[in-house]
Amino acid sequence: MSIPDYQTLMRPLLETLSDGKELRLKELVDQLSRKFSLSEEEMKTLLPSGQQTVFKNRVGWAKTYLKNAGLVESTGRGITKITSPGIDFLRTHQGPVNAKNLEKFQQFQDFRSRSSRTVVEKDECNLSSVPNLTPMEQIESAFNETLQTTQVELLDRLRRCSPLFFEHVVVELLLKMGYGGITGKGQVTQFSNDGGLDGIINQDKLGLDVVCIQAKRWESTVGRPVVQGFVGSMDYVRAKKGVIITTSRFSRDAEDYVQRVEGKKVVLIDGDELTKLMIDHNLGVTVKKTYEIKEISNDYFEED
């Protein structure tokens, strides 16, 4: 069975509380997981942020919606209990419970009205527009979609830039990642007969620890011959470390080869990983807007 969405959980949550017992969120999660016969793998499935499980997040949002309709209430830190209106609603309402059913309660209408005023255009960000996702899941889904779009656009720009500019991008990225050591210096090479080295980074002032770089602004797959040639060219500067970065991908043969190289460490970074690293280190991108997601601190409101 797939993980139920938060609206599917609304009626089972009310039924779980229908005996009047007060339950903590963990107890609700445990009982509802058994009711839906969720597997251990499903219970461990995390949101894209990795901060919470999908199922716990959906149970939490089901509880939040029911609470804002007045059907359940918090009686203590993290403790939930069904209300009299909740018992009456469960008895009179047949079938699944969803956000549309809750619209009959003025308290819930007020809640939705307050929520809609927090966005610029209600039609563009209506929390009920994707009924199977919790608001947090919608935020993370939109974030991931934006991130993926940025990656695609960034890779396209890299493929259209000049080879020399791409080499400078690669060196700058590695410096931002901290590979400049105490010198913080790297350079695009202009050597002749350099065996394919596009850049070097000195990890120390004397150049005793050198990282060799090769930048391949390609669309075709980078194969073993290219990687093998680069490994050999590292001897040109007596280096033991190397990085090959491409806008395309590496063949399986090339990936297997670097695992067997002795005495040298070579890392392969393909186009997908390259754009992720550039975004992580704010290279070629700008921060458009920052949002902070906040939740109530139960510790703050706990009274002795």
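Each value in this text was obtained by applying a stated rule to the coordinates, not by laboratory testing. Just so it is clear, the structure is predicted and the values come from calculations on it, not from any experiment. Positions of Cβ are backbone-derived with ideal geometry, glycine not excepted, and every protein chain shown enters the neighbour counts.
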Using just the C-alpha positions of the range 1-101 as equal point scatterers, what log10 of I(q)/I(0) does the Debye formula give at each q in 0.20, 0.25 1/Å? -0.99, -1.42
Which FRET efficiency value, to the nearest 0.05, is calculated for TYR291 and GLN148 with the Förster distance at 25 angstrom and r the Cβ-Cβ distance? 0.85
Treat the range 25-68 as a sphere of radius equal to its Kirkwood radius over Cα pairs and apply Stokes-Einstein at 4 °C in a medium of 1.567 mPa s; give the translational diffusion coefficient in µm²/s, rounded to a whole number. 120
What does the net charge come to around LYS56 if you take all other residues with beta carbon closer than 11 Å to its beta carbon, with K and R at +1 and D and E at -1? +3
Translational diffusion coefficient of the range 261-304 at 4 °C, 1.567 mPa s, Stokes-Einstein with Kirkwood Rh over Cα pairs, in µm²/s as a whole number. 85
How much length, in nm to one decimal, is gained on full extension between ARG252 and GLN106, taken as 0.36 nm per residue of separation minus their Cα-Cα distance? 46.4 nm
Given a cut-off of 24 Å, name the pairs among LYS100/LYS294; LYS35/LYS104; LYS205/LYS265; LYS26/LYS81 whose C-alpha atoms lie farther apart than that in the structure shown. LYS100/LYS294; LYS35/LYS104
Mean shadow area of the chain, taken as a quarter of the surface of its Cα convex hull (nm²): 22.7
Just to be sure I understand the model, the point goes 7 Å from the Cα along the line to the Cβ. What's the resulting THR83 to GLN259 distance in nm? 5.9
What is the Cα centroid distance between the range 1-62 and the range 269-300, reported in whole angstrom? 28
Per-residue ellipticity at 222 nm attributable to helices in the chain (runs of n ≥ 4 DSSP H, -39500 (n - 2.57) apiece, nearest 500 deg cm²/dmol) works out to -13500 deg cm²/dmol
